[in-house]
Every structure is written in C-alpha cells, then in structure tokens.
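Presented below is the structure to which this report refers.
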Amino acid sequence: MIRLLFLLLLITAPMAAAAAPAPDTFSDPATESRARSLQRQLRCLVCQGESIDESGATLAADLRHLVRQQIADGKSDREIKDYLVARYGDFILMQPPLKPDTYLLWVMPFLVLAGAGAVAFWAIRRARPSDVASPD
C-alpha cells in the first residue's frame, strides 16, 4: 500500500510542479513580457556580459525581484531604469547612453579591435623572412 502511494506521489508531483506558477512571475502574460524585456535591458553587475534576465548570479536574482516589485507597484520602465542608474550608474544599462561619462564604454571595443589588429600586423611582419639580396 505504501509503495503504491509512493508511486502515485512520484507520478503526480511533476504535474503539480508544472501547474504551479514559478516564484516571482506575473500571471498576466503582458506584464510578464514587460518584466522580461526590461530585465534584458539591464546588465548583471557580477557577470557583466549578461543581462539580469539570463544571469544566474545572486545579485541578478535580487535585481530581477526588485524590477518585478517596482512593476507591481505601478512604476514605469523609465522610472525603474532611472532608479537603478541612480543606484548603480550607467553601466547597469546594456546600452548606456552616449555622453562624456560613457564614451569609453562605447569606444573600448573598437580600441581593443584596433590594438589586436596592430599586434597581429606586427607579428606577421616580424615572422616574415627578410628580403635578402641574391648574389649575381
């Protein structure tokens, strides 16, 4: 009897888990879509290459919760972004605004690419055998 009850529990547990909403999600699909979209626009300060929507860091989870809480409180996307920028700076935005404080964020990828190209050019020139005049 206990084995049958255990087997029944094993079979029905995944169905109950699938039916229950995930924690920290909105039941309204439009609101959930808005939250996910906003989370994709915010950078994880731990991972830095990922948005808080895709990051598994604890800070990212806290920021996702904060974003969802502010959405539930009726704040606009602009208000939420302004709050986070005031707290963490422009770096939290996946696309920081172009202004004197963020020029380096926008220019750095091009500088790194140019530097890598210069190093590659120098290495190739140096590896090439020098032209030796052939005796006549």
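The values are calculated or read from the model by the stated rules, or taken from the named source; none is laboratory data. Note that the structure is predicted; figures quoted are calculated from it, not measured. Note that each Cβ is placed from the backbone with ideal geometry, even for glycine, and that neighbours are counted across all protein chains shown.
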In the set ALA118, ALA123, which member is small (Gly, Ala, Ser), assigned to a helix (DSSP H, G or I), exposed (fewer than 13 other Cβ atoms within 10 Å of the Cβ) and modelled with pLDDT of 95 or more?
ALA118
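Yes/no per residue for (1) under 26 Å from GLU32 (Cβ atoms); (2) among the aliphatic types (A, V, I, L, M):
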{"position": "CYS44", "(1), (2)": "yes, no"}
{"position": "ILE52", "(1), (2)": "yes, yes"}
{"position": "ASP73", "(1), (2)": "yes, no"}
{"position": "LEU93", "(1), (2)": "yes, yes"}
{"position": "THR102", "(1), (2)": "no, no"}
{"position": "GLY117", "(1), (2)": "no, no"}
Residues being aliphatic (A, V, I, L, M) and assigned to a helix (DSSP H, G or I) - total across the range 75-104:
6
Starting from residues that are surrounded by fewer than 16 Cβ atoms within 10 Å (Cβ to Cβ) and in contact (Cβ under 8 Å) with a residue 24 or more places away in the chain, keep the ones in the range 80-93 and report whichever is nearest to PRO109 (Cα to Cα).
PHE91
Qualifying residue in the range 59-74 (condition: without any contact (Cβ under 8 Å) to a residue 60 or more places away in the chain, assigned to a loop (DSSP other than H, G, I, E, B), of a type outside the set (Phe, Trp, Tyr) and closer than 22 Å to THR25 by Cα)
yes
If you go through ASP24, ASP77, ASP53, ASP62, the only one that is surrounded by 10 or more Cβ atoms within 10 Å (Cβ to Cβ), acidic (Asp, Glu) and modelled with pLDDT under 90 is ASP24
Taking the range 98-115 as the region of interest, how many residues are at pLDDT below 85 and under 18 Å from the mean Cα position of the chain (by Cα)?
2
For VAL46, work out the one condition from (1) in contact with a Leu (Cβ under 8 Å, 6 or more places away or on another chain); (2) at pLDDT 95 or above; (3) part of a loop (DSSP other than H, G, I, E, B) it doesn't fulfil.
(2)
How many residues does the range 94-106 contain that are surrounded by 12 or more Cβ atoms within 10 Å (Cβ to Cβ), in contact (Cβ under 8 Å) with a residue 12 or more places away in the chain and out of contact with any Asp or Glu (no Cβ under 9 Å at 6 or more places or on another chain)?
1
